[in-house]
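Worksheet: the structure to be examined is printed underneath.
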Amino acid sequence: AGMIFFNNEGTENGGLVFDGALVNGKPTNGGSLTFDRWQQDQTLQLISTEDGAQRRSGLIVTDRPDRSMDWDRLDQIRRMPAGPAKDAAYAEQAKGVAQRAWLGRQTDGSSQLVLRDGAGKPRLRLSVAADGTSSIAFLDAAGKVMRTIE
């Protein structure tokens, strides 16, 4: 269920989607409100997901390239058999896409603000664990924690 948003040109530029059910006795659901870049995919997303005890909700900010998405090529890739060629084709289409920020509740019950570099690598993580313990972690480009303040 949901709703797709269209711009003045009639091009999709965001949406509101929902799903949910009991699956094997576990509650599952998801909801997302997205805003897209022109001729691209979402750059701002409010999201909430639940799969039994695994719950996550937050705000995601994503960089998108200056080129328009090649929807025809993406449809071709979707029909390809699974494997390295399909993975490589998706990676080519994803050049310039990088999640830059996350703010929300993680599946472990912590609240986090994660800021990422232009390649999408986490570089700064502010966390408050479910038990109230807080920390700030500075990460290098490989994801290794270089310094922590607790």
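Listed conditions (1) under 25 Å from R37 (Cα atoms); (2) over 15 Å from the mean Cα position of the chain (by Cα); (3) surrounded by 15 or more Cβ atoms within 10 Å (Cβ to Cβ); (4) among the basic types (K, R) are all met by R125, apart from (1).
Filtering the stretch 137-146 down to residues that are open to solvent by 40 Å² or more (accessible area, probe 1.4 Å) and in a strand (DSSP E or B), which residue is farthest from S57 (Cα to Cα)? Ranking the candidates gives M146 first.
Pick from the stretch 87-111 the residues that are without any contact (Cβ under 8 Å) to a residue 24 or more places away in the chain and open to solvent by less than 50 Å² (accessible area, probe 1.4 Å): which of them is nearest to Q54 (Cα to Cα)?
Let us first name the residues in the stretch 87-111 that are without any contact (Cβ under 8 Å) to a residue 24 or more places away in the chain, namely 87-92, 94, 108-111.
Now drop any that are not open to solvent by less than 50 Å² (accessible area, probe 1.4 Å), which leaves 89, 94, 109-110.
Details: A89: 31, A94: 28, G109: 9, S110: 12 Å.
Filtering first and then ranking leaves G109.
If I filter the stretch 23-36 for residues that are assigned to a loop (DSSP other than H, G, I, E, B) and under 30 Å from D108 (Cα atoms), do I get at least one hit? Looking through the stretch 23-36, at least one residue is assigned to a loop (DSSP other than H, G, I, E, B) and under 30 Å from D108 (Cα atoms).
One residue stands out in the stretch 34-50 among those that are touching a Gly at 6+ places or on another chain (Cβ under 9 Å) and not polar (S, T, N, Q): the one that is surrounded by the fewest Cβ atoms within 10 Å (Cβ to Cβ), namely F35.
Selection of the stretch 51-77 for residues being open to solvent by 50 Å² or more (accessible area, probe 1.4 Å), within 22 Å of G14 (Cα to Cα) and either modelled with pLDDT of 90 or more or under 15 Å from the mean Cα position of the chain (by Cα) (or both) yields R56, L59, V61, D63. With (1) of a type in the set (A, V, I, L, M); (2) open to solvent by 60 Å² or more (accessible area, probe 1.4 Å); (3) within 19 Å of G58 (Cβ to Cβ); (4) in contact with a strand residue (DSSP E or B) (Cβ under 7 Å, 6 or more places away or on another chain) as the list, and A119 as the residue in question, which single condition is left unmet? All conditions pass for A119, except number (3). Kindly establish whether G31 is open to solvent by less than 50 Å² (accessible area, probe 1.4 Å) and touching a Ser or Thr at 6+ places or on another chain (Cβ under 8 Å). Spelling it out, G31 is indeed open to solvent by less than 50 Å² (accessible area, probe 1.4 Å) and touching a Ser or Thr at 6+ places or on another chain (Cβ under 8 Å). Contact map, the stretch 131-143: residues that are within 13 Å of Q112 (Cα to Cα) paired with residues that are polar (S, T, N, Q) and open to solvent by less than 50 Å² (accessible area, probe 1.4 Å), Cβ distance under 7 Å, separation 6+ or inter-chain. Pairs shown: S134/S127; S135/S127. Among the residues making up the stretch 117-135, those that are closer than 23 Å to K95 by Cα and either in contact with a Leu (Cβ under 6 Å, 6 or more places away or on another chain) or modelled with pLDDT of 95 or more (or both) are D117, K121, P122, R123, L124. Restricting attention to the stretch 5-20, the residues that are more than 17 Å from L44 (Cα to Cα) and surrounded by 14 or more Cβ atoms within 10 Å (Cβ to Cβ) add up to 0.
The values are calculated or read from the model by the stated rules, or taken from the named source; none is laboratory data. Keep in mind the model is a prediction, meaning the values are calculated, not measured. A quick note on method: Cβ atoms are made from the backbone with ideal geometry, for glycine too, and the neighbour counts reach across all protein chains shown. With ligands, DNA and RNA removed, areas are computed over all heavy atoms of the protein, side chains included. Shrake-Rupley method; radii C 1.70, N 1.55, O 1.52, S 1.80 Å.
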